[in-house]
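Engineer: Questions regarding the structure given below will be posed in turn.
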Amino acid sequence: MPLYVYDNWSAYDELSDSIPMTEELAMFQLEQVLRLRRHGVKMDAYLMDAFWYDRQGGYRTWKRNRWPNGPERWLNGCLENGLLPGLWFPANTTFDLEVPAGWRDSLAPDGWGMCCFEGGFLEGFVESLEYWYERGVRLFKFDFANFGAAPEATGKRLLPSEIRARNTEAYRAAMAGFLARCPEAKLLAYNGFEEAEFMAWTDRPIRRLIDPRWLEVFESIYSGDPRPADLPLPDFWRTVDVYSDQMVRFVHDGGLPLERIDNCAFMIGVAGTCYRRGAAGWKAALLLSLARGGRVHMTLGNLELLSDKDAVWFAQAQELYRGVPVMIGGVPGRGEAYGYLGEGVATLVNPSLETKTMQVEGSGRRLAFADGCVALAGASEVELGPGAVAVLATSPSPMGFVGGKEISEADVAWRVEGREAFATITPGNGDLHLVFEQRDGNGLAVRSKPAALTIAARAEGVDLPVERVGPEEIWSGISWAYGILRSPSGPVEIAMRSTEPAASTILPRAFRASLV
């Protein structure tokens, strides 16, 4: 049975947005957690994310201007309602922290990272963790690790590889000692526990980049905050789903069991972290997050966006998924159809702009949920339209069927000139979908701000409106642009451009779409 955790990040956001975390906000979300639980949603813990602590105090005091009476009301509210309280900590960095005097001999010259094998940081840090354990905190989320940190003299004496090895060994030993003294604690690893960047793209080769020895102390290791994959789709939120599937695949193929991967993908809300999505596409996002099978399941953001009726549906989805699944099909980041096969349920996804067919072993399953164009072709074959998601279960109650669009690629004579592409297209019936991806000299995806990627259309000298798929601000960058031209008539002149200097070329495509 997974540990179901509510994390309030993206209900506030002080990194890619300016929504502060306050006691009022935290307590309101506690009310929402309890409301969802009354409708059957499993919630075992409430994790307070970043910026709760005062800059001074070594993680022992809360921000006085936002929590004038400290955390007692929140802590007691969790404990009285059977929720495990959790806290976010920078793993070993000075994230919004004035370094205590006793820790300064661990500080690296950049003033950001703190050494774990020299100086007073690690001992003092663990003492702060134990302080909160004694107050009832049971979940500890560690983020922004920097295991290359060392004081200046040590950095001159040791190789970077030696510094990392000593830091990770010391940190792992300290966490093991903390768990021995505080056996009910559960530790969650986030950014920095990987040995090289892999979360920024979905088209890079899969490599082993997370040491599985971290699982000796961590309940789970996360695989990246939701962001668009390097695969354009008509539904922006579906490409965000595909990103999380590719990251789970990356970490799993790199040596971690599926059940120990925290996909951190069910994030709704009003803040910049989740691109201010509100509750758009939340049902498919929830189903996929559950299908991935982690022993820790995170729900992040503004729970008030889910109605009481939504909460009942949420609880039904939780009941659908049990046990540890296996990944089936191809690699998400390559645009190959894939899925998760669990106990009595199969969850399938087509991450491409072409219709795909998947074979699913076993029998007796019926369609429980579909988002996009989905057709069953016999007992074990499923046809998935572009970006479609299908859930098949042995004894399902219907959970929703969202219609989609059939799209077919248009035969277009593109003229590509570096980061520009031009064509004249004679549209058929329905809408015209216009897509391009930007690549570097090695053919790999390049991310930039959405404003750097433009699609323009003209007919008879008049500019036509092109609807952009996706939000205007994307903190992680995006490697593609997707525009829709509504029911154009007559020849249309198309111009696609990227102003991203790191890109060498763009790959243009056009599709004709019709409702089904």
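The values are calculated or read from the model by the stated rules, or taken from the named source; none is laboratory data. These numbers were taken from a predicted model, which means no experiment stands behind them. As a convention, Cβ positions derive from the backbone with ideal geometry for all residues, glycine included, and neighbour counts pool all protein chains shown. Just so you know, the surface numbers come from the protein's heavy atoms only, side chains and all, with ligands and any DNA or RNA stripped out. Shrake-Rupley method; radii C 1.70, N 1.55, O 1.52, S 1.80 Å.
Engineer: Size of the dipole of the chain about the Cα centre, Lys and Arg at +1 and Asp and Glu at -1 on the beta carbon, nothing else charged, in debye to 20?
Structural biologist: Roughly 440 debye, rounded to the nearest 20.
Engineer: While we're on this one: Relative to the present Cα-Cα distance, how much length would full extension add between residue 176 and residue 64 at 0.36 nm per residue of separation?
Structural biologist: In short, 37.1 nm is gained.
Engineer: Once fully extended, how much extra length lies between residue 197 and residue 514, figured as 0.36 nm per residue of separation less the alpha-carbon to alpha-carbon distance?
Structural biologist: That works out to 110.1 nm of additional length.
Engineer: Extent of segment 189-348 along each principal axis, from alpha carbon coordinates, in Å, largest to smallest?
Structural biologist: 42, 31, 31
Engineer: Using the alpha-carbon atoms, what tilt in degrees (0 to 90, nearest 10) does helix 236-253 show relative to the longest principal axis of the chain?
Structural biologist: That helix lies at roughly 60 degrees to the long axis.
Engineer: Which net charge results for the neighbourhood of residue 183, defined as the other residues with beta-carbon distances under 15 angstrom from its beta-carbon, given Lys and Arg at +1 and Asp and Glu at -1?
Structural biologist: Once all neighbours under 15 Å are counted, the net charge is -2.
Engineer: Carbon-plus-sulfur fraction of the accessible area of the chain, 1.4 Å probe, in percent?
Structural biologist: About 49 percent, which is the carbon plus sulfur part of the accessible surface.
Engineer: Kirkwood Rh, segment 333-469, all Cα pairs: how many Å?
Structural biologist: This gives a value of 17.8 Å.
Engineer: Further question: Return the equivalent ellipsoid semi-axes of segment 23-177 as a descending list in whole Å, where each equals the square root of 5 times an eigenvalue of the C-alpha gyration tensor.
Structural biologist: Semi-axes, largest first: 34, 16, 12 Å.
Engineer: Take every Cα pair under 8 Å in segment 415-498 that's 6+ residues apart, average their separations, divide by the length, and report that relative contact order as a whole percent.
Structural biologist: After rounding, I find 47 percent.
Engineer: Would you mind getting the accessible area per residue of segment 324-399, heavy atoms of the protein chains only, 1.4 Å probe, in Å²?
Structural biologist: That works out to 38 Å² per residue.
Engineer: Okay, next question. Roll a 1.4 Å probe over the protein chains and send me the accessible area per residue for segment 83-156 in Å².
Structural biologist: With the other protein chains kept in place, segment 83-156 gives 34 Å² per residue.
Engineer: Per residue of segment 208-223, what does 6.51 cos²θ - 1.76 cosθ + 1.60 with θ = phi - 60° give for ³J(HN,Hα)? Whole Hz please, x for Gly and Pro, Karplus curve as stated.
Structural biologist: 8, 10, 10, 5, x, 5, 4, 5, 5, 10, 9, 5, 7, 10, 8, 10
Engineer: One quarter of the convex hull surface, Cα atoms only: what value does that give for segment 59-138 in nm²?
Structural biologist: 5.7
Engineer: Still on this model: Under a crude label model (7 Å from the Cα following the beta-carbon direction), how far is residue 101 from residue 487 in nanometres?
Structural biologist: 7.5
Engineer: Where the Cα atoms of segment 162-228 are projected onto their three principal axes, how long is each span, largest first, in whole Å?
Structural biologist: Cα spread of segment 162-228 along its principal axes, largest to smallest: 42, 29, 14 Å.
Engineer: In percent, what relative contact order does segment 169-295 have, based on Cα pairs under 8 Å that are 6 or more apart in sequence?
Structural biologist: 23
Engineer: A follow-up question, please. What is the Cα centroid distance between segment 331-400 and segment 10-34, reported in whole angstrom?
Structural biologist: Taking the Cα centre of segment 10-34 as reference, the centre of segment 331-400 is 36 Å away.
Engineer: Could you tell me how far the Cα centroid of segment 72-132 sits from the Cα centroid of segment 181-248, in Å?
Structural biologist: Segment 181-248 and segment 72-132 have Cα centres separated by 23 Å.
Engineer: Note the per residue figure in Å³ for the convex hull of the C-alpha positions in the chain.
Structural biologist: 152
Engineer: Sticking with this structure for a sec: If I model a spin label as a point 7 Å beyond the Cα along the Cα-Cβ vector, how far apart are those points for residue 204 and residue 152 in nm?
Structural biologist: Each label point lies 7 Å from its Cα, and together they span 3.2 nm.
Engineer: Which whole number in µm²/s is D for segment 446-516 by Stokes-Einstein, with the Kirkwood Rh taken over Cα pairs at 37 °C and 0.692 mPa s?
Structural biologist: Rounded to a whole number, D works out at 243 µm²/s.
Engineer: Also: At 10 °C and a viscosity of 1.306 mPa s, what translational diffusion coefficient does Stokes-Einstein give for segment 1-79, taking Rh as the Kirkwood radius over Cα pairs? Give it in µm²/s as a whole number.
Structural biologist: This corresponds to a translational diffusion coefficient of 118 µm²/s.
Engineer: Could you grab the relative contact order for the chain? Cα pairs under 8 Å, six or more apart, rounded to a whole percent.
Structural biologist: Relative contact order comes out at 12 percent.
Engineer: Same structure again: What is the sum of charges around residue 344, taking Lys and Arg as +1, Asp and Glu as -1, for the other residues whose C-beta is under 10 Å from the C-beta of residue 344?
Structural biologist: Charge balance in the 10 Å sphere: +1.
Engineer: Right, next: Which pairs, out of 63/449; 141/309; 283/309; 141/449; 309/405; 283/449, put more than 22 Å between their alpha-carbon atoms?
Structural biologist: Those over the limit are 63/449; 141/309; 141/449; 309/405; 283/449.
Engineer: Mind checking which of 99, 353, 176 is farthest towards the positive end of the chain's charge dipole, using Cβ charges of +1 (Lys, Arg) and -1 (Asp, Glu) about the Cα centre?
Structural biologist: 176
Engineer: Oh, and also: Within a Cβ distance under 13 Å of residue 119, other residues only, what is the Lys/Arg minus Asp/Glu net charge?
Structural biologist: So the environment of residue 119 carries a net charge of -2.
Engineer: Estimate the FRET efficiency between residue 253 and residue 361 by the formula 1/(1 + (r/R0)^6), using the beta-carbon distance for r and 25 Å for R0, to the nearest 0.05.
Structural biologist: Efficiency, rounded to the nearest 0.05: 0.75.
Engineer: Let me ask something additional. Under the Karplus relation 6.51 cos²θ - 1.76 cosθ + 1.60, θ = phi - 60°, what is the ordered set of whole-Hz ³J(HN,Hα) values for segment 344-356, x standing for Gly and Pro?
Structural biologist: x, 9, 10, 10, 10, 9, 10, x, 10, 8, 10, 5, 10
Engineer: Same structure, new question: For residue 499 and residue 169, what is the calculated FRET efficiency with R₀ set at 51 Å and r taken between the beta-carbons, to the nearest 0.05?
Structural biologist: Efficiency for this residue pair is about 0.65.
Engineer: Just the C-alpha atoms of segment 272-363: what Rg/Rh do they give, with Rh taken as the Kirkwood radius?
Structural biologist: Rounded to two decimals, Rg/Rh equals 0.99.
Engineer: Using just the helices of the chain, give the 222 nm mean residue ellipticity in deg cm²/dmol: DSSP H runs with n ≥ 4 each add -39,500 (n - 2.57), and the total is spread over all residues, rounded to 500.
Structural biologist: Estimated from H runs of four or more residues: -6500 deg cm²/dmol.
Engineer: Hey, another quick one. Over the Cα atoms of segment 475-516, what is the Rg over Rh ratio if Rh follows Kirkwood?
Structural biologist: 1.03
Engineer: In the calculated pair distance distribution of segment 190-237, what percentage of Cα-Cα distances lie above 14 Å?
Structural biologist: The answer is 58 percent, as a whole percent.
Engineer: What is the diffusion coefficient of segment 61-105 in µm²/s, taking the Kirkwood radius over Cα pairs and the Stokes-Einstein relation at 4 °C with a viscosity of 1.567 mPa s?
Structural biologist: 100
Engineer: Assuming R0 = 25 Å, what is the FRET efficiency of residue 415 and residue 440, from their Cβ-Cβ distance, to the nearest 0.05?
Structural biologist: Efficiency, rounded to the nearest 0.05: 0.75.
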